[in-house]
Structures are given as structure tokens and as C-alpha cells.
1. When Glu93 is evaluated against the numbered criteria (1) under 21 Å from Thr18 (Cα atoms); (2) open to solvent by less than 80 Å² (accessible area, probe 1.4 Å), which criterion, by number, is the only one it fails?
2. Would you confirm whether any residue within region 188-196 is of a type outside the set (Phe, Trp, Tyr), farther than 17 Å from Asp34 by Cβ, in contact (Cβ under 8 Å) with a residue 24 or more places away in the chain and open to solvent by less than 100 Å² (accessible area, probe 1.4 Å)?
3. Restricting attention to region 132-152, and to residues there that are surrounded by fewer than 21 Cβ atoms within 10 Å (Cβ to Cβ) and among the polar types (S, T, N, Q), which single residue is farthest from Ala96 (Cα to Cα)?
4. Between a first residue in region 89-111 that is in contact (Cβ under 8 Å) with a residue 60 or more places away in the chain and a second residue that is open to solvent by less than 60 Å² (accessible area, probe 1.4 Å) and assigned to a helix (DSSP H, G or I), which pairs have beta carbons less than 7 Å apart while being 6 or more apart in sequence or on different chains?
5. What residue, of Pro44, Pro12, Pro82, is loosely packed, with under 12 Cβ neighbours inside 10 Å and either not in a loop (DSSP other than H, G, I, E, B) or not acidic (Asp, Glu) (or both)?
6. Going by the structure shown, is Glu211 assigned to a helix (DSSP H, G or I), open to solvent by 20 Å² or more (accessible area, probe 1.4 Å) and either free of Cβ contacts under 8 Å to residues at least 12 places away in the same chain or more than 30 Å from Leu105 (Cα to Cα) (or both)?
7. Would you check which residues across region 55-68 are open to solvent by less than 30 Å² (accessible area, probe 1.4 Å) and within 27 Å of Arg163 (Cβ to Cβ) and list them?
8. Find all pairs meeting these conditions: Cβ atoms under 6 angstrom apart; at least six residues apart or on different chains; first residue within region 4-25 and closer than 10 Å to Cys54 by Cα; second residue among the polar types (S, T, N, Q) and exposed (fewer than 14 other Cβ atoms within 10 Å of the Cβ).
Amino acid sequence: MPAIYSKKCKCPYCLKETETKRVLSRHIRVAKTDFDGFIHYDGPNVYYYEPVQCTHCRFIFHEAFEKLRPDVRERLTTDILPALPVLAFATTERTAEQAIQLYKLCLYSAQVTLQKESILAMLGVRIAWLNRLLANKEQEVLWMERSVEKYEALYLNYTDAVRTGIPHDVLLLRIADLYASLERTDDAKQWYSLIFQSQKISDRIKKDAREHWELYRERHQI
């Protein structure tokens, strides 16, 4: 039985139904999870199949994308879509390198269509994680740094979970974990401390933060 299947989804640009590949749920096997949330899979990698390229208009998107504004749609029509490549592997099984290429184009689409900063940061983290999978430390660090900067900017301008696109306590933990992954001890300690001292953070997030900080301290003998 194949582990990969074709899933139908609606393109946010042309609004037509397109197909993309996904991993069948019964074939999703988690090997381990890094403390910053990166899941290592034993078998087909779910992360490879999140970006979608529409088979009708070539638009590359993530299912987290929101509805496109009229002015954005006009710019896509005139300036962006004609230049997008048709990627044959977008409708087949993918390698890590191919997935990274799709994520970068998806991030570009997110930028030009004015998606929420939380979506841009999430896509950057995905690119960092796939570079971790390939043992490309330089690129992993580059994309981690870009993403944590976006998450920090979100924190400084935070309104609510709906408009920002991420719950406040999850955002704090994300920033702390990314700084820990970057081995920036002082920054990680600062953000974990914010979580420990806040009265508004859920017990679950505080528990995760304590576990992650203790693990970091053990690994770095702090």
C-alpha cells in the first residue's frame, strides 16, 4: 500500500481545486521530537508535503494562507505568477532538497501576498528544520535567526491570537526554544524566565518550558 496519496485542496488564488501529495496517517511514524518541536519521522516525512503548487495557475501556497486581497491578486496576475516555475516534483514524492525549494517559493508567495508574520516565521522554521535534517548547520542557523527575529517582532506588537496568528504563550515558548536551538544561552534564559514568571501562561506551556530549559542546562552543563 503506498504511503503517499493525492489530496484535493482549493487554491487561494484561482480558487480551483488542485491536488497535492500527503502522507497517509497510518504511515506517519514519529521517531523522536527535538525540544524546539522538530519531529523526526521514521518513514515518509510529513514536512516535505506541506507546500502546494496549484496545477492550474502555478501559485505556490501553504494551507495556512489566508484569503488574498484584491490588490494582492492583481499583483500576482501581472508580476508574480508568470515568473513562477512549474515544478514537476510538486505533484510527486519529494526529497528534502526539493521540499526546501518549495518552502522558499512558498515563503516568497507569503511575502508578496502579505500573509501574517506568524506564517512567514513558521515557514522559515520549516526551512531551518529541513536543513537540520540535511546536516547543513550554516543554513539551519541562518533560517533560525531570521525566524526568531520575526517572532520577536510579533511579540513586541502582539494583539491577540486571531490577528497575530499564534497564542501568546505558544509564541513565548517558540522564541525561547529557538534561542536555545541557536545556543544563545542568555537570550534563551531571558525568554524562558518570562514564561516562568508570568501569571498568564498556561500550566502546559510552563511545564514544557521547564523541561526544555532543564534539558538545555544539562546538555551545556550550566
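The values are calculated or read from the model by the stated rules, or taken from the named source; none is laboratory data. Computed from a prediction, not measured in an experiment: that's the story for all the values here. With ideal geometry, Cβ positions are generated from the backbone for all residues, glycine too; neighbour counts draw on all protein chains shown. In case anyone asks, the SASA skips ligands and DNA or RNA and just uses the protein heavy atoms, side chains included. Shrake-Rupley method; radii C 1.70, N 1.55, O 1.52, S 1.80 Å.
1. Tallying (1) under 21 Å from Thr18 (Cα atoms); (2) open to solvent by less than 80 Å² (accessible area, probe 1.4 Å), Glu93 fails exactly one: (2).
2. Yes.
3. Gln139
4. Going by the 7 Å Cβ cut-off, the qualifying pairs are Ala90/Leu102; Arg94/Tyr48; Arg94/Tyr49.
5. Going through Pro44, Pro12, Pro82 in turn, the sole match is Pro82.
6. Yes, satisfied.
7. Phe59, Ile60, Phe61, His62, Phe65, Leu68 - these are the residues of region 55-68 that are open to solvent by less than 30 Å² (accessible area, probe 1.4 Å) and within 27 Å of Arg163 (Cβ to Cβ).
8. Glu19/Ser6
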